[in-house]
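Reading through the structure tokens given below for one structure.
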Amino acid sequence: MVNLSSLNPVQKEAVLKTDGPVMILAGAGSGKTKTLVTRITYLLDDKNLSPHQLLALTFSNKAAREMRERIAHEIPGLDIGSLQITTFHAFCARLLRSEANFLGLSRNFTIYDEGESKAIAKSLLERRGISTKEINPYEILSYIDGLKNNGYYPGRDMAEGADPSDEYFGYFEEYESELHRANAVDFGGLITAVIQLFEKFPDVLNRYQNRYHYVLVDEYQDTNRAQFELIKMLCGKRRNICVVGDEDQSIYSWRGADIRNILDFEKIFPDVQVLKLEQNYRSSKTIIEAASHVIQKNTLRKGKQMWTANPEGDEIDIVECFNDKEEAEFVAQETAKLFNAGVSYKEMAVFYRSNAQARLIEDSLRKYKINYRVVGGVKFYERKEIKDMLSYMRLIINSKDSLALSRIINVPARGVGATSLRKLEIEAVNANSSLWDIIEKIVDSQRASGEDFSHIKLSAKIKSSLSEFVTLISELRLLDENKVKPSLIYEKVLHESGYHSFLKANKDYETLARLENLDELLNAITQFEESAEVPTLSGFLETITLDTSSEFDEAAIPNSGEVSLMTVHGAKGLEFTHAFVVGAEENVFPSYRSVDGGESAMEEERRLFYVAMTRAMKKLYVTFAQGRMLFGQVKFNGPSRFIDEIPEKLFTWKKLSNTSRSTEFHSSWGGKHDDNYDPYDQSQETKYGDEEVVYQIKETAATPRESYHQPKFPKGSKVVHSLYGSGKVEDSEGSGADEKVLIKFADGARKKFMVKFAPIVMA
DNA sequence: GTTGCGCAGATTTTT
DNA sequence: TCTGCGCAAC
């Protein structure tokens, strides 16, 4: 029997309410995974559900793994293999392979990743003689992706957003036939193909509906329309559907996630039981109150009221830095300080909005000899040499994978260059066949009878190269068919293709790294062989395209570990006792893209900020720089609007001043500071140099910002902005902390400012 | 087929 | 400012 005693009342309900539609809105740090795991354990243990009758869908492999492990821990002796806790994509891929014949796919289809999809889009443009300057392939791809995210597949009665008269609709159809020709499916297509399968073959759907008695979806706020439709179909019969999500943590709309899935769930399932997990077990009261306050500004939400029984905790530090360098220095010094006070590095994290911000932070952490690691970054499987090897292996599995073939036909050089390849491609398109089939036929026609390919002008040398290539791949294919171990096939590919010696011919530093990567790949394959039930080459390939979490268990540094650096997106789902949110400036966080991207874009930024804040357990630092080097220019963006949304009583505003700046100065950013200080005064500038500077933190009491009833800069006043020069207030609204002014400058430009942040004074 | 120059563009990336 | 890419010249 499952022990429910450690659950709170709502969590308990979420476990026990097994039948019918349930939506669990689980706030950050509310014990979501624990609840889910208990629910599943309850179904299996107390309700005697057979493991294969349960389907739990997640977004990331990491989440799936974690849940599986925890359940295994709860129910010793459970046959984990029969538990279907998997990602949407892996679930669909698996289903499609076993039902491939229905859709005219063959079960060895390749899964194309984004890069490969883009390559197709590009080649479609090329084929039409359109330069990538006129139309960015990415636009085509987003269009196609958009359709798929909405559940569209060719020939389907149209879903939302698809219109055959769309400018790019023709590309969509062509793209799909290209995929088909390559016996390939892209990420979005994995989902839509299953929808298609279910719609066209109700019997198949019926089978799956009967199999899964309970369907559970994690991170529901991240589902797109297609995934939602899929879920609806799967649970159509029994309606035992449980979705778990948090609309406030929906940060992937740009990837197709549709927040309406969560907002409108009750419309689709009117009898749904909605449960809100509102108690936070992670963070201090201060952090929860601050984060709640920020997120409340959003309108697109169901509304939860987070609370916590945790202690009040420390105040949040808002740290005003002179520039981005000083910000990085601060992070390093503060990190060191915390470390000396007994906090281990692995309990600290730095979150930034965009990857580019990592560099300066890294530099200063290095300077202070602080262990850190950057989470995310260049993916292992995206490295050239790795993709090359994978292409060989993919071609072995799926001969129609023309993208793989064209990638490696001349790597190492075989004299089959772009021109020859182009000829072959044209031939393949005309014959509606694959590159491989064409090449094979040409080679055959050489040897004996066969078709006549004399219209393709290829030199004898090239033809013999092609012949050798065909032999090579065919032999390797035979190995795979005879179930030779993937690692062995890999080694054969590496050496017999000549790739290894081709690399070794170079002796530079880069090559060395590449060879190491190739060893690493072998490691990965071996590891796969040890863990997989049936270690096949195609299984390995599928695992790595659908599981990008690449990093083979990061060898954790003993004792104190490392400070984690990551984007806010990367931070979702994690927690740290001490967290730094850096670059909290307008146009940085929120990103400039969202600043003029409409209200819903801004709401997503706000959710991001909320996610960032709620990662912190004990202490949260929010830092911003007055001036920041952006696109080669120093920009003065002013503090993020999200800082302003944190109640003042919860933070201490700290202004850094370093000893190299002799002048005693005060900030002009907050209304609570002295207005005479000009942050842009060159004489006070910190140099972008390497000299060691020691910062003193000047604490400014967070005095409540009482509101003035008179605007400071009424309409008509003449003012001077330290960056934009002199101008006149054309319009003014609000007063005190909310006062905003519209200024027309001497050069005619009009700009709007928050008075409390803008460096403006009366002329 | 490689090298190099010039130019545009520059968030986020669970699969 | 930095990078990645397309295209032109060797």
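The values are calculated or read from the model by the stated rules, or taken from the named source; none is laboratory data. All values reported here derive from a predicted model rather than from experimental measurement. All Cβ positions, glycine included, derive from the backbone under ideal geometry; neighbour counts span all protein chains shown. Just so you know, the surface numbers come from the protein's heavy atoms only, side chains and all, with ligands and any DNA or RNA stripped out. Shrake-Rupley method; radii C 1.70, N 1.55, O 1.52, S 1.80 Å.
For segment A:394-548, calculate the relative contact order in percent as a whole number, restricting contacts to Cα pairs under 8 Å that are 6 or more residues apart. The partial results should precede the final answer.
Values: 114 pairs, mean separation 36.1, N = 155.
Relative CO of segment A:394-548 lands at 23 percent.
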statement: So, with points 7 Å from each Cα along the Cβ direction, the residue A:119-residue A:354 label distance in nm works out to 2.8
query: Solvent-accessible area per residue for chain A at a 1.4 Å probe radius, Å²?
result: 45
message: If I fit a long axis through the Cα atoms of helix A:435-447 and take the longest principal axis of the Cα atoms of chain A, what angle between them do I get, 0 to 90°, rounded to 10?
response: 30
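Under unit Cβ charges (Lys, Arg +1; Asp, Glu -1), what dipole magnitude, rounded to 20 debye, does chain A have relative to its Cα centre? Mind dumping the intermediate values first?
Values: 98 positive and 113 negative charges, 57 e Å.
Once rounded to the nearest 20, the dipole reads 280 debye.
Once you have the Cα-Cα distance between residue A:481 and residue A:314, take 0.36 nm times their residue separation minus that, and quote the gain in nm to one decimal. Before the final figure, lay out each step's value.
Working: separation 167, 0.36 × 167 = 60.12 nm, distance 6.27 nm.
Contour length minus the Cα-Cα distance gives 53.9 nm.
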message: Using a 7 Å offset from the Cα along the Cα-to-Cβ direction at both residue A:744 and residue A:266, what is the distance between the two label points in nm, to one decimal?
response: 4.9
- prompt: Among residues other than residue A:144 whose Cβ falls under 9 Å from its Cβ, what is the net charge (Lys/Arg +1, Asp/Glu -1)?
  reply: -2
field: Ranked packing of A:327-336, A:102-111, A:298-307, A:70-79, most packed first, by mean Cβ within 10 Å
entry: A:327-336, A:102-111, A:298-307, A:70-79
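For segment A:165-300, what does the alpha-carbon gyration tensor say about shape, rounded, prolate or oblate, given a ≥ b ≥ c as the root eigenvalues, a/c under 1.5 as rounded, and a/b over b/c as prolate?
On the way: a/c = 2.68, a/b = 1.53, b/c = 1.75.
It is oblate, given that a/c is not under 1.5 and a/b is not larger than b/c.
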- prompt: What are the residues whose amide H is under 5 Å from the amide H of residue A:629, where those residues sit 5 or more places off or on another chain and H is modelled from the backbone?
  reply: A:324, A:635
query: Over the heavy atoms of residue A:477, what accessible area does a 1.4 Å probe trace out, to the nearest 10 Å²?
result: 40
- line: Between the Cα axis of helix A:202-211 and the main Cα principal axis of chain A, the angle (0 to 90°, nearest 10) is 60
message: Residues of segment A:242-257 with the amide nitrogen closer than 20 Å to a label point 7 Å from the Cα of residue A:600, along Cα-to-Cβ, please.
response: A:245-257
message: If DNA, RNA and ligands are ignored and the probe is 1.4 Å, what is the ranking of A:225, A:238 by accessible area, most exposed first?
response: A:238, A:225
field: Around residue A:383: net Lys/Arg minus Asp/Glu count, Cβ-Cβ under 12 Å
entry: -2
statement: Going residue by residue through segment A:269-278, the Karplus relation 6.51 cos²θ - 1.76 cosθ + 1.60 with θ = phi - 60° gives ³J(HN,Hα) values, rounded to whole Hz and with x marking Gly or Pro, of 10, x, 8, 5, 9, 9, 10, 10, 8, 10
task: Among DSSP beta bridges lying fully in chain A, give the percent that are antiparallel, nearest 5.
output: 35
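May I ask you to give the percent of accessible area on chain A that is carbon plus sulfur, with a probe radius of 1.4 Å? Show your work: numbers first, answer last.
Details: 16950 of 34060 Å².
Taking all protein chains in place, chain A shows 50 percent carbon and sulfur surface.
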task: Please state the charge dipole magnitude for segment A:89-185, taken about the Cα centre, from unit charges on C-beta atoms (+1 on K and R, -1 on D and E), reported in debye and rounded to the nearest 20.
output: 480
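Evaluate the relative contact order of segment A:213-357 (contact order divided by residue number), counting alpha-carbon pairs under 8 angstrom at least 6 apart; express in whole percent. Mind dumping the intermediate values first?
Numbers: 134 pairs, mean separation 26.4, N = 145.
The normalised contact order for segment A:213-357 reaches 18 percent.
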field: Pairwise label distance in nanometres, residue A:459 with residue A:730, each label 7 Å out on the Cα-Cβ vector
entry: 6.8
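Quick one: net charge of residue A:416's neighbours, Cβ under 11 Å, K/R +1, D/E -1?
+4
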message: With θ taken as phi - 60° and the coefficients 6.51, -1.76 and 1.60, list the Karplus ³J(HN,Hα) couplings across segment A:612-625 in order, rounded to whole Hz; mark glycine and proline as x.
response: 4, 4, 7, 6, 7, 8, 10, 9, 10, 10, 10, 10, 8, 10
Accessible-area ranking of A:366, A:128, largest first, probe 1.4 Å: A:366, A:128
task: Using only Cα atoms, tell me the angle between helix A:460-481 and the longest principal axis of chain A; keep it within 0 to 90° and round to the nearest 10.
output: 80
message: Let me cross-check residue A:566: its accessible surface, 1.4 Å probe, with only protein heavy atoms counted, in Å² to the nearest 10?
response: 0
